[in-house]
Amino acid sequence: MARNIITGIDIGTYQVKIIVAEYGKGKDAYFPRIIGTGFSESKGLRHGYIINSSDVVRSIRSAIEQAEKSSQSKIKRAYLSIGGVGLEEVKSKGEVIITRADGEITDLDIRKALDDSEEKVSARISNRKIIHVIPLRFKIDGEVVLGRPVGMKGMRLEIETLFVTCLEQHLNDLIQAVEEVGVEVDDVMASPIAASLVTLTKTQKMAGCVLANIGSETVSSVVFEDNIPISLKVFPIGSTDITNDIALGLKVSLEEAEQIKKGAITSTEYPKKKLDEIIVARLSDIFELIENHLKKIGKNGLLPAGIIMTGGGSGITTIEDLAKAALKLPSKLATPRFGENARIKDASWAVAYGLCIWGSTADEDESPIGIGLAQKTGGNFLQWIKQFLP
């Protein structure tokens, strides 16, 4: 009997991480069972961009060989994440006159309104590719609609849409690097959204929260409200900047600075107060960027579930208190969910596992994920749009 195998590939600036999982149907699909993992040091990337494709291909091949060995299965297809500072959001509005004579709204009307929204944004995203199309809200004759507008009546339908975009060249480079090792890319998902499938609960996403993934060279944030992502932003700063600051401030090597940052005991004696000042200064910069973005979208101080932090840089002592003070929001570290008897616990695997969850529920009429994404901007539109609505 054929096994339902799915693979997620997360190509980060620090490491390439791959998870191979086996899934069932229905309720069993949400947390597919991890049967294999692979990882390798990332080479040839900077801030998420490929600067040396041959190095990246070697890193991917090494991680895939590990994953194939541990899962005892050949990897032929995979879901791929994309991150880095090339990720950007664009919002747009579309509208359409209802086509039926009796004014009843159909799926065709929603599709036309969405197409109008995308057409208006196309001129603003030169050299960029739309990877996710997310309806935020609908209006009928100027009145906001709660829930699904199909079947309701009116004269004019409006839609506000969030488009998640990335640099087209960067996306093509990533896909080409994966396919060079003989793996076909089924689809691509923004890393912050993939991580949210593992690190956030439905309660947090309904109430409103911001997930901050503090990586080595970038900090990515995604804001949720009413169970859907309403904003996404990536900042060109990360935990490597903290390591560099410690190396300069304490006059130690980068390797030792990394150990000091993690709280390890080293041979160097240094004043703890000075170390704390260095770390606090850089973390304050990170939280200031997040706070400014929340102000821009009108959500600063207005997210009841607060900020949830993940990524390699989130393990720094006192980071929760600093985030709480800087953002004036509840603050906590993410508790990733990898299913029962998972062999991994580290939150740095969240993106790769999130891809497995997404892929395993892609064909479901009602995805338990709480977010539907237009895979390859195609598929069954009716099934896709239903996942956004109560």
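The numbers here are math on the coordinates, done by the rules we state, and not lab data. Computed from a predicted model, the values in this text were never measured in an experiment. Because the Cβ atoms are built from the backbone with ideal geometry, glycine has one as well, and the counts that use them run over all protein chains shown.
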Which whole-Hz couplings ³J(HN,Hα) result when phi for each residue of region 292-302 is put into the Karplus expression 6.51 cos²θ - 1.76 cosθ + 1.60, θ = phi - 60°, listed in order with x for Gly and Pro?
4, 5, 4, 5, 4, 9, x, 10, 5, x, 10
For region 181-327, shape from the Cα gyration tensor axes a ≥ b ≥ c, cut at a/c of 1.5 then a/b versus b/c, turns out oblate
Everything considered on the Cα gyration tensor (a ≥ b ≥ c; rounded for a/c under 1.5, else prolate if a/b is larger than b/c, else oblate), region 24-147 must be described as oblate
Starting with the fewest neighbours, write out M309, M155 ranked by other beta-carbon atoms found within 10 Å of each beta-carbon.
M155, M309
Count charges around I159 for me, please; just the other residues with Cβ under 9 Å from its Cβ, Lys/Arg as +1, Asp/Glu as -1.
-1
Listed with the fewest Cβ neighbours within 10 Å leading, V145, V234 appear as V145, V234
Name the residues whose placed amide hydrogens come within less than 5 Å of the amide hydrogen of S40, ignoring near sequence neighbours (fewer than 5 apart) on the same chain.
V16
Let me make sure I get this right: for region 58-102, a, b and c are the square roots of the gyration tensor eigenvalues over alpha carbons, sorted descending. Under 1.5 in a/c it's rounded, otherwise prolate if a/b > b/c, else oblate. Which is it?
oblate
Note down the nm distance, to one decimal, between modelled labels 7 Å out along Cα→Cβ at S54 and at R33.
4.3
Please compute the modelled spin-label separation between L302 and Q169, points set 7 Å along Cα→Cβ, answer in nm with one decimal.
3.8
Could you give the length gained by full extension between I97 and I344, i.e. 0.36 nm per residue of separation minus their alpha carbon distance, to one decimal place?
83.8 nm
Amide hydrogen neighbours beyond the local backbone of N300, cut-off 5 Å, H modeled
K295
Added length on full extension, which subtracts the Cα-Cα distance from 0.36 nm per residue, N292 to V181:
35.9 nm
Among DSSP beta bridges whose residues both lie in the chain, state the antiparallel percentage, nearest 5.
80
Any chance you could run the full-extension gain for A123 through R137? It's 0.36 nm times the residue separation minus the Cα-Cα distance, nm to one decimal.
2.8 nm
Tell me which lysines have Cα within less than 26 Å of K274's Cα, excluding those fewer than 8 residues away on the same chain?
K251, K261, K262, K324, K328, K332
Would you kindly derive the ³J(HN,Hα) couplings of region 228-233 from the backbone phi angles with the Karplus curve 6.51 cos²θ - 1.76 cosθ + 1.60 (θ = phi - 60°), listing them in order in whole Hz, with x for Gly and Pro?
10, x, 10, 6, 9, 8
Note down the relative contact order for the chain as a percent, whole number, built from C-alpha pairs under 8 angstrom at least six residues apart.
19
Calculated FRET efficiency for the pair D321/E269, C-beta based, R₀ 30 Å, to 0.05
0.70
Hz values of 3J(HN,Hα) by residue in region 256-267 - Karplus curve (6.51, -1.76, 1.60), Gly and Pro given as x
6, 4, 5, 5, 4, 4, 7, x, 6, 7, 10, 6
Amide H proximity to R137 below 5 Å, modelled H, separation 5+ or other chain, gives E160
In terms of Cα to Cα distance under 14 Å, which aspartates and glutamates are near enough to K17, apart from those fewer than 8 places away along the same chain?
E41, E65, E68, D346
Counting every C-alpha pair in the chain, the percent lying more than 38 Å apart is 21
Counting only other residues whose beta carbon sits under 15 Å from that of L200, what net charge do I get with K and R as +1, D and E as -1?
+2
Surrounding charge for I242, neighbours by C-beta under 13 angstrom, Lys/Arg +1, Asp/Glu -1, total -4
